[in-house]
Amino acid sequence: MRTQITSEKCGECHGPYALGVKMGNIIFTTQIGTDVAGEMVSGGMKEQTKATMENAKAVLEAAGATMDDIGKVTIYIKDINLIPEMNEVYKTYFPEGNYPARCCTQCVDMVDGCLVEMEFVAVVE
């Protein structure tokens, strides 16, 4: 069974994609640092990372999951030198150190103003 996931906390999609998809007990979502209106948040890497994580959290909650249910994150970062700033915020969403598996790669051609994009895969029972 395939279910589209929406959340008022993230706003609407502005393209041919879903905020999240739940297939069986697996949840997929890809997020960037936008606000509810779909605008990139102001600031730098820390602000965009926080918005990205909050968007993912909202989609997961709408699907009946939590951040603890994330098994894998793929991170696309505009400048690999900004990983320490991203990590500073990212790790606060996993306070017990229960980190998901992760891949982080530099991607210089991103949506205008986007410094980080993250793919999340979560599993609920």
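The values are calculated or read from the model by the stated rules, or taken from the named source; none is laboratory data. Just so it is clear, the structure is predicted and the values come from calculations on it, not from any experiment. Positions of Cβ are backbone-derived with ideal geometry, glycine not excepted, and every protein chain shown enters the neighbour counts. Please note that ligands, DNA and RNA were not included when accessible areas were found on the heavy atoms of the full protein model with its side chains. Shrake-Rupley method; radii C 1.70, N 1.55, O 1.52, S 1.80 Å.
Pop out the carbon and sulfur fraction of the accessible area of the chain as a percent, whole number, probe 1.4 Å.
51
Where does region 44-90 land on the Kirkwood hydrodynamic radius, alpha-carbon pairs, in angstrom?
That comes to 11.5 Å for region 44-90.
Among (i) 51; (ii) 22; (iii) 40, find the value of percent of Cα pairs over 24 Å apart that was calculated from the structure presented, and write down its label.
Of the listed options (i) 51; (ii) 22; (iii) 40, (ii) comes from this structure.
Report the net charge of residues surrounding Tyr90, where surrounding means a beta-carbon distance below 11 angstrom and charges are Lys +1, Arg +1, Asp -1, Glu -1.
Overall, the nearby charge balance is +2.
How much mean residue ellipticity at 222 nm does the chain get from its helices, if each DSSP H run of length 4 or more adds -39500 (n - 2.57) and you divide by all residues, to the nearest 500 deg cm²/dmol?
My calculation for the chain gives -6500 deg cm²/dmol from helical runs alone.
Which pairs in the list Lys22/Lys46; Lys22/Lys57; Lys22/Lys91; Lys9/Lys78; Lys9/Lys50 are over 21 Å apart, alpha-carbon to alpha-carbon?
Lys22/Lys46; Lys22/Lys91; Lys9/Lys78, as the Cα separations exceed 21 Å there.
Of Val89, Val36, Val123, whose Cα points farthest to the positive end of the dipole of the chain (charges on the beta-carbon: +1 Lys, Arg; -1 Asp, Glu; origin at the Cα centre)?
Value: Val123.
Roughly how many nanometres apart are two label points built 7 Å out from the Cα toward the Cβ at Gln4 and Val111?
Label at Gln4, label at Val111, 1.7 nm between them.
What residue among Asn98, Gly15, Thr49 has its Cα farthest toward the positive end of the dipole of region 1-122, where the charges are +1 on Lys, Arg and -1 on Asp, Glu, each on the Cβ?
Final value for the positive-end residue is Asn98.
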